[in-house]
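Novice: For reference, the structure I am asking about is given below.
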Amino acid sequence: MTPTLLPRLPALLVLAASLTSSATARAQSVWPPPAPAVQAPRPDELADLKAGGKAGLGVAVGSRPGITFRAWPTRAFAFGVQVGSTWLLNTVSADVSGQYVAPPARNGAGSVAGLFAVGLGLRTQVWFGDDPFVELAVRLPLGFSVLVQGWRLEPFVEAAPVFVFYENRGFGVEGQVGARYYF
């Protein structure tokens, strides 16, 4: 070795070692290529809360007590059907509505969720008696329901402004409380 390289030998050895280690690290990071990360499918959070059910059947009491049905084609959309009567049994009513359901508000443990829904629907009501008539109306249902993980029962409350446009004209508010069983 020449005398001018001798003092620089430690620096050259460090440089060679760092170049070798970085080339080795690059080669190891490129080959074999990393396997793509496989993500487990995310379970449907509402199906999990409703114990797998996408449709529920139940009863409601309030301004028009009766039978209620709700189905969930997607997580954010539900449609409902209700058939009922008044407490005096002098009417028969039916309504159909579509509802947007906001993402669930969960408790800290994630096992209980509150669902807020807003929708649009149509209602018909047939009045019996001395002067029978048919009534058609537009409903704007606003609802809140509770889902508990593993339970198939969904308690709910709903209020609905109603705009009657046939045979009479007018405005009213309907309300009900009930529960649906999901299957």
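What follows is calculated from the coordinates using simple rules that are stated; it is not laboratory data. Remember, it's a predicted structure, so these values are computed and weren't measured experimentally. Cβ coordinates were reconstructed from backbone atoms using ideal geometry, including for glycine residues, and neighbour counts include every protein chain displayed.
Novice: Report yes if R169 is of a type in the set (D, E, K, R) and under 19 Å from the mean Cα position of the chain (by Cα), otherwise no.
Specialist: So R169 fails the test.
Novice: Sticking with this one: Counting only residues that are within 17 Å of G53 (Cβ to Cβ), give me the strands (runs of 3 or more DSSP E) lying completely in segment 103-183 with at least 1 of them.
Specialist: So the answer is 112-127, 142-148, 153-166, 170-182.
Novice: While we're looking at this one, here's another question. Say whether the condition of being surrounded by fewer than 15 Cβ atoms within 10 Å (Cβ to Cβ) and closer than 17 Å to G172 by Cα is met by at least one residue in segment 143-159.
Specialist: no
Novice: Condition first: among the charged types (D, E, K, R) and in contact with a Gly (Cβ under 7 Å, 6 or more places away or on another chain). Can you find one or more residues in segment 70-91 that meet it?
Specialist: yes
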